[in-house]
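What follows is a single structure, written as structure tokens, with notes after it.
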Amino acid sequence: MVFLLSAALAVGVWTKGGGPVTLREAAAKRRLLFGTAVAARYLNEPDYVEVLGREFSQAEPENEMKFGSLHPRPDTDPNPYDFKDADAIVDFALAHKMKVRGHCFVWYQQVARWVTAGTHTPEELSTILKNHIDTVAKHFAGKVYAWDVVNEAVMDDGSMRHTVWYDRPGIGLADKGTGYIEQAFQWAHDADRRAKLYYNDYSCETINPKSDGIYAMLQDFKKRRVPVDGVGFQMHIGLWANNPTTLDSIRKNFQRFADLGLDIQITEMDVSLSDNKPETLAQEADLYRAITDICVHQRRVKAIQTWGFTDKHSWISQFNRSRGWALPFDDKYQAKPAYAAILEALSDKR
Ligand code: XIL
């Protein structure tokens, strides 16, 4: 009996009242949230909502809070906004004691056609974006605790991406580099002073020209007290990342952003595979374990979030049919080796 008890204690979070614990419980013990992207259209699938409510403590709408989804009609229309799908996700999340992360105010994709059509002056676009941020932030104030204010504004070489909001034609700050990003953070802060405000991007997890550019921008913002609270690393990766050099670079990169006084979240993790052979799934698990381990040992990391949770509904195969199997649950909602590996890393007492 004593032996059984100490064996159970030794494996920590693996057992509790006899049953395995969940990602959200294991993460909570490390003061972390464990999140996932959520799509409103699956909320009527019993397996989907069961696993979502059980395993995750943070939810982020996969598409439903993007400009085009929330604001499909111009402000001259009597009814410019559609909040229904986003509200459904927020209601589900709050009913299951999950935090909600908003995604996103400023992005160059999935913008409504009435905005991208090219009929507005910079002055008009500035008013449109300010009002959009104000309306959306206030609609979700007190429910959405953190926002991706700006998503994917930097290119791989660290330069600014040319977008409708920056310089095509932009909101009037086309010649001011990161100025339009700063403006968006200020508007978001003015609209909801309690929300945590994040800059979010992909391919900037390691130290490289892109993360250097983002680092320089956020260092400047911090120095001048632009209201930015955190940086989101999307972490759309593959098995190429599973080597000591890459993992070490991720660790060092996280540390330099942490040293700026920023919170960090992994916002969209998935590990895209080309097959689901047992040995491939084992390598995927190793990579999930390694990334979780980095997060557990970086005090500034506040959440680990995957971009969906079941291989049944992952965006990866939408874009490349020969790839997939990127998430911790398979297409039948069964936990994969990656799931056990994450739990293990979360419960590791090193
Ligand atoms: C993706 C969604 O998952 C897809 O359903 C949609 O068709 C396109 O956008 N980076 C982001 C996310 O910030 O918003 C993207 O989401 C994936 C890449």
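The values are calculated or read from the model by the stated rules, or taken from the named source; none is laboratory data. Values in this document were obtained by computation on a predicted structure and should not be read as measured data. Methodologically, a virtual Cβ is constructed for each residue, glycine included, from the backbone with ideal geometry; neighbour enumeration extends over all protein chains shown. Surface accessibility is based on the protein's heavy atoms, side chains included, excluding ligands, DNA and RNA. Shrake-Rupley method; radii C 1.70, N 1.55, O 1.52, S 1.80 Å.
Give a residue-ordered list of calculated ³J(HN,Hα) values for region 147-160 (Karplus: 6.51 cos²θ - 1.76 cosθ + 1.60, θ = phi - 60°; whole Hz; x for Gly, Pro).
Using θ = phi - 60°, the values come out as 10, 7, 6, 10, 10, 6, 9, 10, 7, 4, 8, x, 7, 6 Hz.
Can you give the accessible area per residue of region 2-347, in Å², using a 1.4 Å probe? Please report the intermediate quantities before stating the final value.
On the way: 15040 Å² over 346 residues.
Ligands and nucleic acids excluded, the figure is 43 Å² per residue.
In whole Hz, what ³J(HN,Hα) sequence does region 169-185 give by Karplus (6.51, -1.76, 1.60; θ = phi - 60°), x for Gly and Pro?
x, x, 9, x, 10, 4, 9, 10, x, 7, x, 6, 5, 4, 4, 5, 5
Of K29/K143; K99/K302; K66/K138, which sit over 19 Å apart, Cα to Cα?
On the way: K29/K143 23 Å; K99/K302 12 Å; K66/K138 15 Å.
Violating the 19 Å limit, Cα to Cα: K29/K143.
Separation between the D348 and Q298 pseudo-spin-labels, each 7 Å from Cα along Cα→Cβ, expressed in nm?
1.5 nm
Between K29 and L94, what length comes free when the chain is fully extended (0.36 nm per residue of separation minus the Cα-Cα distance, one decimal in nm)?
Values: separation 65, 0.36 × 65 = 23.40 nm, distance 2.03 nm.
Here the answer is 21.4 nm.
What number, in nm² with one decimal, is the all-direction average of the projected area of the convex hull of the alpha-carbon atoms of region 62-195?
8.2 nm²
Quote the relative contact order of region 32-178 in percent (integer), defining contacts as alpha-carbon pairs under 8 Å separated by 6+ residues. Intermediate results must be reported in sequence, preceding the final value.
On the way: 204 pairs, mean separation 32.9, N = 147.
For region 32-178, the relative contact order is 22 percent.
Using θ = phi - 60° and the Karplus curve 6.51 cos²θ - 1.76 cosθ + 1.60, what whole-Hz ³J(HN,Hα) does each residue of region 112-127 get, with Gly and Pro shown as x?
These are the phi-based 3J(HN,Hα) values: 4, 4, 5, 8, 7, 4, x, 9, 10, 7, x, 4, 5, 5, 4, 5 Hz.
If you project the alpha carbons of region 137-285 onto their three principal axes, what span does each projection cover, largest first, in Å?
Extents along the principal axes, in whole Å: 51, 35, 31.
Which percent of the accessible area of the chain is formed by carbon and sulfur heavy atoms (probe 1.4 angstrom)? Walk me through the intermediate numbers first.
On the way: 8190 of 15590 Å².
Result for the chain: 53 percent of the exposed heavy-atom area is carbon or sulfur.
Using 7 Å Cα-to-Cβ label points, what is the K332/Y108 separation (nm, one decimal)?
In this crude spin-label approximation the distance works out to 4.3 nm.
Just subtract the alpha-carbon distance of F319 and H162 from 0.36 nm times their residue separation and send over the number in nm, one decimal. Please report the intermediate quantities before stating the final value.
Numbers: separation 157, 0.36 × 157 = 56.52 nm, distance 2.28 nm.
So the chain would gain 54.2 nm between F319 and H162.
Tally Lys/Arg at +1 and Asp/Glu at -1 over every other residue whose Cβ is under 11 Å from the Cβ of N200; what's the total?
On the way: positive: R101; negative: E60, D148, E152, D201, E268.
Local charge sum for N200: -4.
Taking 7 Å along the Cα-to-C-beta vector as the label spot, tell me the N208-N44 distance in nanometres, rounded to one decimal.
According to this spin-label approximation, the distance is 4.1 nm.
Highest GNM mean-square fluctuation, the chain, Cα pairs closer than 10 Å: which of K29, K277, K312?
Highest fluctuation among the options: K277.
I'd like to know how region 2-347 sits against the 2.2 N^0.38 Å rule of thumb: what's its Cα Rg over that expected value?
On the way: Rg = 20.2 Å, N = 346, 2.2 N^0.38 = 20.3 Å.
So region 2-347 has a normalised radius of gyration of 1.00.
Compute the acute angle (0 to 90°) between the alpha-carbon long axis of helix 84-95 and the principal axis of greatest extent of the alpha-carbon atoms of the chain; round to the nearest 10°.
40 degrees
Can you compute the helix-only [θ] at 222 nm over the chain? Use -39500 (n - 2.57) per DSSP H run of at least 4 residues, normalise by all residues, nearest 500 deg cm²/dmol. Intermediate results must be reported in sequence, preceding the final value.
Numbers: 13 runs with 141 residues, N = 350.
-12000 deg cm²/dmol, from helical runs alone.
Angle check, please: helix 244-259 long axis (alpha carbons) against the longest principal axis of the chain (alpha carbons), in degrees 0 to 90, nearest 10.
50 degrees
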